[in-house]
Amino acid sequence: MAIIERSSDILALPPGAGVARAPMGVFSRPRAKTGWRSWVSTVDHKKIGIMYGASSLFFFVIGGIEALAIRAQLAAPGQKLLSAALYNQVFTMHGVTMIFLVVMPMGAAFMNYLMPLQIGARDVAFPRLNALSFWTFIFGGIFLNTSWFLGGGADGGWFAYAPNTGVIFSPSHGMDFYAIGLQITGIASLVGGVNLVVTVLNMRAPGMTMMKLPVFTWMSLVTQVLLIFAVPVISVALFLLTFDRLFGANFFNVQQGADPLLWEHLFWIFGHPEVYILILPAFGIVSEIIPVFSRKPIFGYPFMVFSGIAIGFMGWGVWAHHMFASGLGPISVAAFSVSTMFIAVPTGVKILNWMATLWGGKISFTTPLLFSIGLVAMFTIGGLSGVTHAVAPADTQQTDTYYIVAHFHYVIFGGALFGFLGGFYFWWPKVFGYFLDDKLGKVHFWLTLVGFNLTFGPMHILGLQGMNRRIQTYRDGYGFNFWNFVSTIGAFIIALSVLIFFVNIARSKRGAHLQSAPGPDPWDGRSLEWSVPSPTPEHNFDDDPVVVHFDDWWHRKYQADETGRVVKVHEPEEIAMIGDGSRAHLPAPSYWPIVMATAFPLIGYGLIFNLAISFVGGLVLLGSMVGWALEPSDDEDQLPHGHDGNGHDDGDDDHAAPAAEREEVTVGD
Amino acid sequence: MTDTALGTPGAADHGHATSTGISNTKLAMWVYLGSDCLLFGSLISTYLLLRHRSVGGPTPEELFDIPFTSVSTFVLLMSSLTMVLAVSSLMRGDVRLNRIWLGTTAMLGAVFIGGQVYEFTTFYREGLGYTTNIFGSAFYTLTAFHGVHVSVGIVMLMSMLVMSFRGNLGPERSETVETIGLYWHFVDIVWIIIFTVVYLIP
């Protein structure tokens, strides 16, 4: 009782307009269906997915500008474009931005949008938690980037080896922003992870058994399980670093007996599963694209699934290959060498299966397929250089050289990002109801491929020649000049290709009314998202789909005739859902997720600058928790009988019943 | 299906089965607890790595009062028993008894937290500050993280109690109490590990 009453003045803080006329005041749910309010209060997994995608592209531009600054500085020997201190900040923030604010949310964008559609659900298991994880992510990303205006960005490298990132060696607030900012995005990942795992396990349509799930959904599940177990480890590492930096704890204080390997172990126990968190969603995406454009089912579906699970499992046993140069001792080095070579096996299975899917297929080389083939080729190069890291003596030579930089850009850019770009072209008509231009798309692809290889290919050579990574400049006469210059040219070609991508989006959107509408199933797709109209209606499916086969949608369109030939028996338009939402009951929007998410950066700023701000953040957090718990479970308009008739004399019950219902939801976070 | 989509608890109660048969909230709690295992795993490993590396005292051997901590451990373990009784009384529909056991569980948890506060202040008076040595940093961080978990559990139990007094915690909601019970037992089990590893193993 007391809790509930105390909350009301706090609750009056932020929720904004749209609530005044509602009889339940701040506790009623927002109603906006259009305009910015509908985006701010949405709990729709599709809108949240779109927002994840848009913000990841925004951060992609920021991270890209940082990359161009790095390449401009290294274009020729002895340049003074960036000072050494600024260079440290730029490469650190480039890495942090690209990994945590671009590739991870881009994967989350596809998972949020597609995964409920692919399993035949109306939404995720906890729609408001889904909104919370998005807003927490975006505020965490903004928090990290405000460090530029508040004393400089983080400067300890993206893996932030302590004690190098302690106050002594990194006195600015940059590393505080890093530690707290990643803590915030970690909360977002954890909340999202719990939500999506429960969704896949619990919300499948009738008949959708685990071994009928599309490969993308499977890879999403593996990714989210990895996140759930990896995030707490880096959370602990970041807590220890924060306590060291802000409260004078001794975890990384070598004079007090600290072990510098502690950070490396904690970070890489998170960090290696993290690289699979980055790549597996893209693996899932190409596993959807390649069958569609080869007009064949995926080759070896169970192998695809189990190799994904195997990668996820073995990903926990290879972390120390990042630490071969740290003096672990021969037994550890040997064990981690072997496990690292082993993990190439399930990855190789996937590569083989993609090629076998293409083999003998009726291939149409659309932009999504080009990007997918780009992934298979580029990731294979990156995977092979990865195997050279598994060989410990070779790795000792390669550690901290540009060879490493080349390797991880081949797997993360050439792997994950190629997959995502293909995914954008593939699902764009489903999401927005118009195609991206295929000609411009092909220009985009070829420029990306050429620019990418020009940028990162030469880094193999530079690394083996002995050029250190993270070095602000180099002197003439080491033989580094030519390949660095080539690499810089490549980087600007990539920038041009990104520009073309944005031009493509703008032009396609402007010309959308001239295109013929994509219809529900423009590519002759295989999974359930193609059985609903484009763009997907808010309620997804008119009725719960009933699943019989793997690739169920394809099986509804094609059947074997008497002679055993597979023929098309239905046009997609005949059997697709028509988008009639009258039978659907949707979760009502809510402002509380965004309100709660503002609390985290406030607490963060307070820890760095003035604890009073943290106190305000804490109040916002508590208030929004209460508001979240007391919010009625529905928009009144959507309730069958409305509350008006019964009156609000028994307001207590009206408030309390939803409180009881929602209590359980908050338990999850 | 629609109810499940809303994430409303009791969806299972209304006959809308989830794919696994376990309700969304309960499954979410299990998944979250899996994640929490890694949180405590990392903290405990950190403590094990650092506890004997201090330069200068005080050392664990000088500070720990095993009989005292054994008693507070016993109190916390008993709270698991009362938690089970709270769930089973609500399942049988005995709301009054349920309130008693919920209150007892919260109170036992609070006694444990009180013991921890007493222990921290005693250690501090005996010269172990948070920044004094590396053992101090590791010890306080690990045990405080556990203490915060217990405190969150107490807050959840108290909200259950408030709901119960407002007449909103009947047998149909016994799964809510059960889910909170999962969390509570988990926190207890973690304490058994911490007590063994930190206090008992020299």
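A few comments on the model shown:
- Among the residues listed as B:Gly167, B:Gly103, the single one being touching a helix residue (DSSP H, G or I) at 6+ places or on another chain (Cβ under 9 Å), at pLDDT 95 or above and either buried (at least 17 other Cβ atoms within 10 Å of the Cβ) or at the interface with another protein chain (Cβ under 10 Å from one of its Cβ atoms) (or both): B:Gly103
- Considering region A:440-471, and only residues there that are of a type in the set (S, T, N, Q) and surrounded by fewer than 20 Cβ atoms within 10 Å (Cβ to Cβ), the residue that is nearest to A:Ala394 (Cα to Cα) turns out to be A:Gln465.
- If only residues of region A:248-263 that are touching an Asp or Glu at 6+ places or on another chain (Cβ under 8 Å) and within 9 Å of chain B (Cβ to nearest Cβ) are counted, the one that is nearest to A:Phe313 (Cα to Cα) is A:Phe251.
- A count restricted to region A:113-168 and to residues that are without any contact (Cβ under 8 Å) to a residue 12 or more places away in the chain and either at positive phi or part of a helix (DSSP H, G or I) (or both) stands at 1.
- A:Val532 meets all of the listed conditions (1) closer than 21 Å to A:Leu369 by Cα; (2) crowded, with 17+ Cβ neighbours inside 10 Å; (3) not charged (D, E, K, R) but one, namely (1).
- Qualifying positions in region A:188-247 - more than 7 Å from chain B (Cβ to nearest Cβ), out of contact with any Phe, Trp or Tyr (no Cβ under 9 Å at 6 or more places or on another chain), hydrophobic (A, V, I, L, M, F, W, C) and assigned to a loop (DSSP other than H, G, I, E, B): A:Met208
- Among the candidates A:Phe293, A:Phe270, A:Phe303, residue that is over 30 Å from A:His555 (Cα atoms) and at pLDDT 95 or above: A:Phe270
- Note on region B:100-154: residues that are aromatic (Phe, Trp, Tyr) and more than 16 Å from A:Phe251 (Cα to Cα) amount to 6.
- A:Gln397 being assigned by TED's automatic domain parsing to the domain that holds A:Ala495, in a loop (DSSP other than H, G, I, E, B) and either surrounded by fewer than 21 Cβ atoms within 10 Å (Cβ to Cβ) or at positive phi (or both): no
- Selection of region A:607-635 for residues being surrounded by fewer than 18 Cβ atoms within 10 Å (Cβ to Cβ) and acidic (Asp, Glu) yields only A:Asp635.
- When we screen B:Leu161, B:Leu142, B:Leu182 for residues that are assigned to a helix (DSSP H, G or I), touching a Phe, Trp or Tyr at 6+ places or on another chain (Cβ under 6 Å) and within 11 Å of chain A (Cβ to nearest Cβ), the only hit is B:Leu142.
- Elements of type helices (runs of 4 or more DSSP H) contained in region A:35-96, each with 3 or more residues being more than 16 Å from the chain's Cα centre (by Cα) and closer than 18 Å to A:Ser147 by Cβ: A:45-74, A:84-96
- Tally of residues being among the hydrophobic types (A, V, I, L, M, F, W, C) and either at the interface with chain A (Cβ under 7 Å from one of its Cβ atoms) or within 16 Å of B:Arg173 (Cβ to Cβ) (or both) across region B:23-41: 6
- Only one entry of B:Thr8, B:Thr46 meets the criterion of being more than 29 Å from A:Leu241 (Cα to Cα) and either modelled with pLDDT under 90 or within 7 Å of chain A (Cβ to nearest Cβ) (or both), and that entry is B:Thr8.
The values are calculated or read from the model by the stated rules, or taken from the named source; none is laboratory data. Since we're looking at a predicted model, the values are computed, not measured. Here Cβ is always computed from backbone atoms with ideal geometry, including for glycine, and neighbour counts include all displayed protein chains.
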